[in-house]
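The values are calculated or read from the model by the stated rules, or taken from the named source; none is laboratory data. Values in this document were obtained by computation on a predicted structure and should not be read as measured data. We place every Cβ from the backbone using ideal geometry, glycine too, and count neighbours over all the protein chains shown. Just so you know, the surface numbers come from the protein's heavy atoms only, side chains and all, with ligands and any DNA or RNA stripped out. Shrake-Rupley method; radii C 1.70, N 1.55, O 1.52, S 1.80 Å.
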Amino acid sequence: MKVVVLTGAGISAESGVPTFRGPDGLWEGHRVEDVATPEAFDANRLLVQRFYDARRASLARVQPNAAHLALARLEQVLGEDLFLVTQNIDDLHERAGSRRVHHMHGELLSAWCTACDQRTHWNRTLADEPPCPG
């Protein structure tokens, strides 16, 4: 038996992660085009980095909830027969114990170095433009 699970904002909202589109969502005060596109990065790198630095910092204040933990247990039972896909960019599934998580929209804790073209686990600020980790 193969099982596909798709999670979105609701699962992380239960842990206290603000959604992007809710009434007090993360897009409040920002147009998507100004913080979430390659063109935005080219036009105002500092704004984009600060926006995502704030998202990254907020992860320290939240924990996986019962749904994240249940999906991690399901993965333990089903192994590779579970395909867990998330629209979320947080790491709550991983912190709950899931190991095979497929992130549709990227990961807050993964940084792409445009100098060396490598992805690196990252939990610090990027607005201060740290040197290439490679």
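Side notes on the structure shown:
- Test result for Arg73, modelled with pLDDT under 90, part of a helix (DSSP H, G or I) and at negative phi: no
- Glu75 meets each of the listed conditions (1) farther than 28 Å from Asp34 by Cβ; (2) touching a helix residue (DSSP H, G or I) at 6+ places or on another chain (Cβ under 8 Å) apart from (2).
- Test result for Leu78, open to solvent by less than 40 Å² (accessible area, probe 1.4 Å), modelled with pLDDT of 95 or more and in contact with a Ser or Thr (Cβ under 9 Å, 6 or more places away or on another chain): no
- Within segment 107-127, the only residue that satisfies the criterion of being among the acidic types (Asp, Glu) and open to solvent by less than 100 Å² (accessible area, probe 1.4 Å) is Glu107.
- In the condition set (1) open to solvent by less than 30 Å² (accessible area, probe 1.4 Å); (2) modelled with pLDDT of 95 or more; (3) in contact with a helix residue (DSSP H, G or I) (Cβ under 7 Å, 6 or more places away or on another chain); (4) more than 22 Å from Gly16 (Cβ to Cβ), Thr86 is compliant with all but (4).
- For Arg56, the criteria (1) free of Cβ contacts under 8 Å to residues at least 40 places away in the same chain; (2) among the basic types (Lys, Arg); (3) surrounded by 16 or more Cβ atoms within 10 Å (Cβ to Cβ) hold in every case but one, which is (1).
- Total residues in segment 61-75 satisfying the condition of being in contact with a strand residue (DSSP E or B) (Cβ under 9 Å, 6 or more places away or on another chain) and open to solvent by 30 Å² or more (accessible area, probe 1.4 Å): the figure is 2.
- A single entry from Arg95, Arg99 fulfils the requirement of being of a type in the set (Lys, Arg), surrounded by fewer than 13 Cβ atoms within 10 Å (Cβ to Cβ) and free of Cβ contacts under 8 Å to residues at least 40 places away in the same chain: Arg99.
- Here segment 81-100 is the region considered, the condition is being aliphatic (A, V, I, L, M) and under 14 Å from Gly8 (Cα atoms), and the residue that is farthest from the chain's Cα centre (by Cα) is Leu84.
- Failed item, numbered, when Phe51 is tested on (1) open to solvent by less than 40 Å² (accessible area, probe 1.4 Å); (2) free of Cβ contacts under 8 Å to residues at least 40 places away in the same chain; (3) over 15 Å from Ala96 (Cα atoms); (4) more than 14 Å from the chain's Cα centre (by Cα): (4)
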